[in-house]
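Have a look at the structure below, then the notes.
The values are calculated or read from the model by the stated rules, or taken from the named source; none is laboratory data. Source: prediction; values computed, not measured. Every residue, glycine among them, receives a Cβ derived from its backbone with ideal geometry; neighbour counts consider all protein chains shown. Note: areas computed on protein heavy atoms with side chains; ligands, DNA, RNA excluded. Shrake-Rupley method; radii C 1.70, N 1.55, O 1.52, S 1.80 Å.
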Amino acid sequence: MTRMRVTLVNRLAGIQRGGGEIYDLSLAAALQRAGATVDLITGRPLLRQPIALPPDLPSRIVRTPYLRGLAHRLGAPGWRLLDLDLLLFERGAERILRAADPAPGIVQVTGLPRLARRLERRGTSRVVLLFPGPPSPRHREEIRSCRTVAGVGAVTPYLRERFGREIRDMTGGVDAEAFRPGRASLRERLGIP
């Protein structure tokens, strides 16, 4: 039996970690435990090393200028810089995916609807567009054109309301076995009062 091949595309996992990045890294670990072959495509600022990534998660890095801070300081004109930065990452990620042999069965793209739509049009993998936070309304048409869109937590009903379409709920859960009542706590096992 062939193992499911999944590629997670999360630009910020190697640059700056937030909830979406932690979610994707946790998802990768869970998928690996379930027997899937998982890899990550992430970004790296031009002048810094990427944030340490899990050693057991094969990762490919796309170097981008990471212009978010400058874009914020410049205000409205700065958003063109941010869009250029995103476009450079998307093109690099797309090159990596085009060269993948075999192609992954599933590509999950976190928060980049333009990239998800382009990958879907290529048709070599099933694409899931995931939003751990609310997307910009300017991506309305790209989001509507994607076959599979998912949200995490409170973003799911927000997406359903704003985009008027089916949104999959990919809210993470808690390992009930590890936290069941009556089980010795970690503090007890380690002798910590």
task = With the condition kept exactly as written, say whether any residue in the range 27-38 is among the charged types (D, E, K, R) and in contact (Cβ under 8 Å) with a residue 12 or more places away in the chain.
result = no
inquiry  = I'd like to check something: does the range 28-46 contain any residue that is modelled with pLDDT under 95 and polar (S, T, N, Q)?
reply    = no
key: Pick from the range 141-169, criterion out of contact with any strand residue (DSSP E or B) (no Cβ under 9 Å at 6 or more places or on another chain) and farther than 13 Å from residue 116 by Cα, ranking: surrounded by the most Cβ atoms within 10 Å (Cβ to Cβ)   = 162
request  = Check the range 77-88 and report whether any residue there is more than 19 Å from residue 25 (Cα to Cα) and part of a strand (DSSP E or B).
outcome  = no
key: Pick from the range 8-19, criterion touching a helix residue (DSSP H, G or I) at 6+ places or on another chain (Cβ under 9 Å) and open to solvent by 10 Å² or more (accessible area, probe 1.4 Å), ranking: nearest to residue 153 (Cα to Cα)   = 18
query = Can you tell which of 106, 41 is of a type in the set (A, V, I, L, M, F, W, C), open to solvent by 40 Å² or more (accessible area, probe 1.4 Å) and under 14 Å from the mean Cα position of the chain (by Cα)?
reply = 106
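Okay, residues lined up against (1) over 20 Å from residue 82 (Cβ atoms); (2) touching a Gly at 6+ places or on another chain (Cβ under 7 Å); (3) free of Cβ contacts under 8 Å to residues at least 40 places away in the same chain:
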| residue | (1), (2), (3) |
| --- | --- |
| 126 | yes, yes, yes |
| 132 | no, yes, no |
| 139 | no, no, yes |
| 143 | no, no, yes |
| 155 | yes, yes, yes |
ask   = If a residue has to be outside any loop (DSSP other than H, G, I, E, B), touching a residue at least 40 places away in the same chain (Cβ under 8 Å) and open to solvent by 10 Å² or more (accessible area, probe 1.4 Å) to count, how many in the range 109-124 make the cut?
value = 1
Residue 89, sole failed condition from (1) of a type in the set (A, V, I, L, M, F, W, C); (2) buried (at least 19 other Cβ atoms within 10 Å of the Cβ); (3) over 17 Å from the mean Cα position of the chain (by Cα) = (3)
query = Going by the structure shown, is residue 5 open to solvent by 80 Å² or more (accessible area, probe 1.4 Å), in contact (Cβ under 8 Å) with a residue 40 or more places away in the chain and either under 17 Å from the mean Cα position of the chain (by Cα) or at positive phi (or both)?
reply = yes
task = Would you be able to say whether some residue in the range 56-72 is closer than 18 Å to residue 16 by Cβ, part of a helix (DSSP H, G or I) and of a type in the set (Phe, Trp, Tyr)?
result = no
